[in-house]
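J.: What follows is a single structure, and I will ask about it in a moment.
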Amino acid sequence: MEKISLSAETIFHIGPVGITNSIIATWLAIIVIVSIFVFATRKMRTKPTGIQNFGEFIIEALLNMCTGVTGDRKKAEKFLPFIATFFLFIMIANWMELIPGFAAFGLKEVIHGKTEIVPILRSANTDLNTTLAFAIISVFATQFFGIAIIGFVKHIKKYINFKSFIDFFVGILEIISETSRIISFSFRLFGNIFAGEVLLVVISFLVPYIIPIPFYGLELFVGFIQALVFSMLTLVFMTVGTMEHEEH
């Protein structure tokens, strides 16, 4: 049975920096995304066909989603690079772990006197460091756009406002909300994807071949939904964060 570890395992080192199997999978996901859009934009045509048509369909769908939530095309175009990156990376990273043989190859290591196989690849989103990084980027991007669009003073008044006791109390709640969002974002994505990976490992070990197929289909759907939920929540918070206090 494949070894299940809560934390990512180090495969090799570059100087003092340990490179884990989740980092390698992250690089692969980035290579896949970049390759798709490099090929899609290599020979641009007025009437798109093939992979260019596919790339434009994805971007247009995400832009329409941003426009529908924000109600402002210009604001949607500003948010699009972040939202598209979140959605595409999370979805592709989630789906990569479903490729047969993804975690089949590993290195032999002696741990506590026992020889164990450490997989070379591990889904990026089953590493809490990856999901935590995305959560931090999401929250900081929201603050950045809030300052850039409505101004520093108006934005900071959402959190520090001595106009009245109610405004001051609401500001404290906003600060707590922003902080807790990092925790909820990172653990929601990590928990769902890690649980799915464990489920597939256990089912494949207990009842191999035909029985696990429906579970792979379920995880394919879950991988898409988790990417959509993360990017949609980020978009909603960005939209709310760029509204002036009176608009809430």
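All of the numbers you see were taken from the coordinates with simple rules; none came from a lab. What you are looking at is a predicted structure, and each value in this text was computed from that prediction instead of being measured. As a convention, Cβ positions derive from the backbone with ideal geometry for all residues, glycine included, and neighbour counts pool all protein chains shown.
J.: Can you find a residue in the range 65-85 that is part of a loop (DSSP other than H, G, I, E, B), over 17 Å from the mean Cα position of the chain (by Cα) and either over 30 Å from residue 10 (Cβ atoms) or not hydrophobic (A, V, I, L, M, F, W, C) (or both)?
T.: Yes: the range 65-85 contains one or more residues that are part of a loop (DSSP other than H, G, I, E, B), over 17 Å from the mean Cα position of the chain (by Cα) and either over 30 Å from residue 10 (Cβ atoms) or not hydrophobic (A, V, I, L, M, F, W, C) (or both).
J.: Would you confirm whether or not the range 47-63 contains a residue that is part of a helix (DSSP H, G or I), in contact (Cβ under 8 Å) with a residue 24 or more places away in the chain and closer than 18 Å to residue 225 by Cβ?
T.: Within the range 47-63, the subset part of a helix (DSSP H, G or I) is 50-63.
From the residues that got through so far, the ones that are in contact (Cβ under 8 Å) with a residue 24 or more places away in the chain too are 58-59, 62.
After this cut, where a residue has to be closer than 18 Å to residue 225 by Cβ as well, the list is 58, 62.
Yes: the range 47-63 contains one or more residues that are part of a helix (DSSP H, G or I), in contact (Cβ under 8 Å) with a residue 24 or more places away in the chain and closer than 18 Å to residue 225 by Cβ.
J.: State all residues of the range 164-201 that are part of a helix (DSSP H, G or I), farther than 22 Å from residue 138 by Cα and free of Cβ contacts under 8 Å to residues at least 12 places away in the same chain; if no residue qualifies, say none.
T.: The answer is 165, 166, 167, 168, 169, 195.
J.: Quick check, is residue 223 part of a helix (DSSP H, G or I) and touching a Lys or Arg at 6+ places or on another chain (Cβ under 7 Å)?
T.: Criteria not met by residue 223.
J.: Could you identify the single residue in 156, 210 that is surrounded by fewer than 16 Cβ atoms within 10 Å (Cβ to Cβ) and closer than 27 Å to residue 78 by Cα?
T.: 156
J.: Another one. Within the bounds of the range 125-138, is there any residue that is of a type in the set (Asp, Glu) and in a loop (DSSP other than H, G, I, E, B)?
T.: Yes, the range 125-138 contains a residue that is of a type in the set (Asp, Glu) and in a loop (DSSP other than H, G, I, E, B).
J.: While we're on this one: Within the range 30-50, is even one residue hydroxyl-bearing (Ser, Thr, Tyr) and under 20 Å from the mean Cα position of the chain (by Cα)?
T.: Scanning the range 30-50 turns up at least one residue that is hydroxyl-bearing (Ser, Thr, Tyr) and under 20 Å from the mean Cα position of the chain (by Cα).
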